Every structure is written in structure tokens, then in C-alpha cells.
1. Identify, from the list ALA13, ALA52, ALA19, the residue that is open to solvent by less than 30 Å² (accessible area, probe 1.4 Å) and without any contact (Cβ under 8 Å) to a residue 40 or more places away in the chain.
2. How do the pairs read when you match residues in the stretch 392-409 that are at positive phi with residues anywhere that are surrounded by 13 or more Cβ atoms within 10 Å (Cβ to Cβ) and at pLDDT below 95, using Cβ under 8 Å and keeping only pairs 6 or more apart or on different chains?
3. Hey, can you tell me all the residues within the stretch 103-142 that are in a helix (DSSP H, G or I), of a type outside the set (A, V, I, L, M) and more than 27 Å from the chain's Cα centre (by Cα)?
4. Going by the structure shown, is LEU87 under 16 Å from ALA45 (Cβ atoms), touching a residue at least 12 places away in the same chain (Cβ under 8 Å) and buried (at least 24 other Cβ atoms within 10 Å of the Cβ)?
5. Would you tally the residues in the stretch 339-373 being at pLDDT 95 or above and either hydrophobic (A, V, I, L, M, F, W, C) or loosely packed, with under 13 Cβ neighbours inside 10 Å (or both)?
6. Do we have TRP260 as touching a residue at least 40 places away in the same chain (Cβ under 8 Å), open to solvent by 10 Å² or more (accessible area, probe 1.4 Å) and over 18 Å from GLN350 (Cβ atoms) here?
7. When you look at LEU33, is it aliphatic (A, V, I, L, M), free of Cβ contacts under 8 Å to residues at least 40 places away in the same chain, touching a helix residue (DSSP H, G or I) at 6+ places or on another chain (Cβ under 9 Å) and under 21 Å from ALA7 (Cα atoms), yes or no?
8. Within the stretch 222-233, is even one residue free of Cβ contacts under 8 Å to residues at least 60 places away in the same chain, among the hydrophobic types (A, V, I, L, M, F, W, C) and not in a helix (DSSP H, G or I)?
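The values are calculated or read from the model by the stated rules, or taken from the named source; none is laboratory data. Predicted, not measured: the structure shown is a model, and the values here were computed from it. Heads up, the Cβs are rebuilt from the backbone with ideal geometry, glycines too, and the neighbour counts pull from every protein chain shown. All accessible areas refer to the heavy atoms of the entire protein, side chains included, with ligands and DNA or RNA removed. Shrake-Rupley method; radii C 1.70, N 1.55, O 1.52, S 1.80 Å.
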Amino acid sequence: MSEPSYATRRAAALAHLAAADPGAAFTEFRFTLWHPRAIAPDELADALGVLAQILVAMAQGELATRAAHASVHPADVDGLYDLGYHLIEAGLPAIAATVLTRALELAPDSEPVVTELCAALERHLAYGEARRLLERYPALVAERFLCRYLFAYNAVMSGDLEVARRLAPTLVPEDDNHVIMAARIAGFVARADRLAGAAPLDALDLRGWHHVISGGVLLHRSPHGLDTPMHGRYAWLQDSYDRIATGLAVLAEVLACWRWTPACVYAPPGRGHEAVALAAAARFGVAVAPWPMVGAPAPGLVVIHDLSELAPADLVRLRERRPAQLVYAHAACWTDDSAIAPDVVNLVHQSLVAPWDARLALPPDADGPRRSAPDERAAAALAEAIAAARADDDPVDEIAAALAVAAVVGPPAPGARERWWAGGPVPSNRFV
């Protein structure tokens, strides 16, 4: 079945707008601008005008104004750049990449457009394409610290460590931000070197690349589509108490490997975090310490249910790894960045339904799936359900592989935690 034409999508989007359904209009129309779809300049100008109408109906007035300006002035590089920047900020990097690609066609030597297009491609998880973009600008890479860093970063994120090894010594910081960037590339290289001989770091080595990029240890890989197309990540997962219990059991083995026992457990605010933390505290035989009003918890084990549920203020507290402190997350979203990467994470997903959330089920006497009522019990009762759960039977070699990585890398030292970076060298299918 062929893809609908631009005219067909345009007409359908305008029909949805006329029916006062801007959400459906956007869902229908976005793919006309979705990178890497090729779009002629005149079609792009028209499409940005339609997008502006949709954004107005969605109460996105400022972004709509920028789209309308770019539609009326399609050769205004500054206007295209401004629209691209704000599309990235609005969480629409695939459309931003299309807009910024046109800006670069009009101003092929513009460093700001090159770096902003690189940012859009990164957010779209198109790291290989960002790397190839920078390869077209060797002078910028040679002369500009930021371009050199971006080239090294996107090379690693697309599976090429040799570029990072070559460029790392040339990343001489010129300001405080450069210090962080240079340290990041050096950290990637050091962690890859640490894994030499213990992990293949090929296109299927999710666990190895996870450590290189985040500095953490990944415990569990999804068995569903492991060879292809997911390679160990989950797309949509209805989680279970059994899976949470399994994660804590393997975590205990990792901590034993590291000869580390938590002094206490900290639970960030939130019923899910508290439930998993209470279960962890019971397993390790330690108390749950109150989450502090200010400062960072240390020493002890910080236990998070899902990294994506952690409040920004609490993420900031954990940027620095304190002595005798570790952060464990049962789950984290692999398609979104976060301010910190857990030291140990059980599984990665794009969308997760917690065991206590409303869930889809297929009763034997029903015509189709039904949504169950959420489990409204308090955190303590949920923790008891985790403790009583039967741990999933992960393959022995899967657990052994996690423990082997943990043994090679050892417990992380105090210092700045790496960010949680979306995507990476190992590809997985994902929802748009």
C-alpha cells in the first residue's frame, strides 16, 4: 500500500480542523514534514502554513506564529532556524530536522544551522545521520570545539569508538561547559576500554553499549524480539510484580559481587517509588530513610520505580554520586533523555504500565480486551505484593551476562553521574 500523497494528507488534515479536531489533524499531517521525507521547497512552505493553522487550533500560538512566518518567508534562513529551534524545544525534532535541512540548503556554510540540525537529528535518535552531517564539515570539526565534540559524541552513539578515541585528546576545554563535554567523551572511551574483551560492543550488544554510554549496568533484556527488531528493549510493557521482584533479586547479586551493602534505602516521593523501595529495604534488611527536604541522600541505595516518573528537582539532587551511594531504577524510558543515569537499571522501555495501574486484559468470556481497575492500595501493601511475587525465570546465561559486566566494571566511584541518553548504537523499533 503506497503512502498517501501530500495533497491527500493536506485535505484530510484540513477536514479534521473543520471538524474541530486539531489533534487528529496533526496526527494526519505530521508525516508530510517528518524527517527524512523529501519535500520540495514550495510544498514545504505550504505545509508550514497548514501546520501553523493546526498549531493555532492546538493553542500553540507562539510556535504557530513562527511556522506562519516561515511559510510566508520560505527563504528566510533566520526564520527557519528559529522555527527549527523551537520545534526541538516543543518535542518535534523530526519536523525540526526537515525545516533545518532546508535552512542548510539556503545557507550551507552556517555553523549555527549545522549544529542545530545536529541537535534535531540527535533528538530524533538519528545519530548516524548527525555524524554523517558533521563529516561534511571537516573545517568546522577542526576549528570549533562544539563541532568536534558533537562529531565524537554522535560517532559513539552510532557505534564508532575510533572517532572518539582520535578526537578525545583534541577536546581542550575553553570554558566550564567544555569541561563537561570533554569529560563525557573521555568517559565513553574509558568505559569502552574497561569492557575490552568482556563485551563485543557490536550492533546487538545492548548491555555493553548501555555501560559505555550511561556508566550503568543493565540487568534484564526483553526476550521479545531479542534478535530483531527490539534487541533487548521493550516497546510497550504491562509490567508485573514478578518482574520487579526479579530485578531486586538480580540487583542483590550485583551488590554482592561488588561487596556492597546499603546502609539504608531512600525512596523518592511517589507511591511507585515507595513501593519498590520498601520491597528493596525488606530484601536487604535495612530501613527506609526519609527523603530529605533539601540536599542529596547519602550514603545508601536510592530506589526508583521508573526514572521517567522522577521529579526534575529530585533528579538534580542525584547528579553527584555521593560516597557509599548507588541509584537503582527498576525501569527507564529509552526514547527520552534524563538528567541522570541510574547506576543499575533493571529494564528499558518506551511505554510502561505498572502492575498497580489500570491494565488491559482479555477475559475468556469477553468479546475483546477490557481495562481493569487500578490497584489503589498503599505503597506498603504493594511492597508486600512484590515480596510475595514469584521471581520470573530469567535465563541463567542472561543473569550471568549482567553479573559478568558488573564484575568487570565494578562499583561506580563518587563523582558526577552521566546523563541518561536516549537511543544508542543498538537499534530498536519504537512508536512515533
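1. ALA52
2. Going by the 8 Å Cβ cut-off, there are no qualifying pairs.
3. Within the stretch 103-142, GLU105, PRO138 meet the criteria.
4. It is true that LEU87 is under 16 Å from ALA45 (Cβ atoms), touching a residue at least 12 places away in the same chain (Cβ under 8 Å) and buried (at least 24 other Cβ atoms within 10 Å of the Cβ).
5. The total comes to 11.
6. The answer is yes for TRP260.
7. So LEU33 does not fit the description; no.
8. yes
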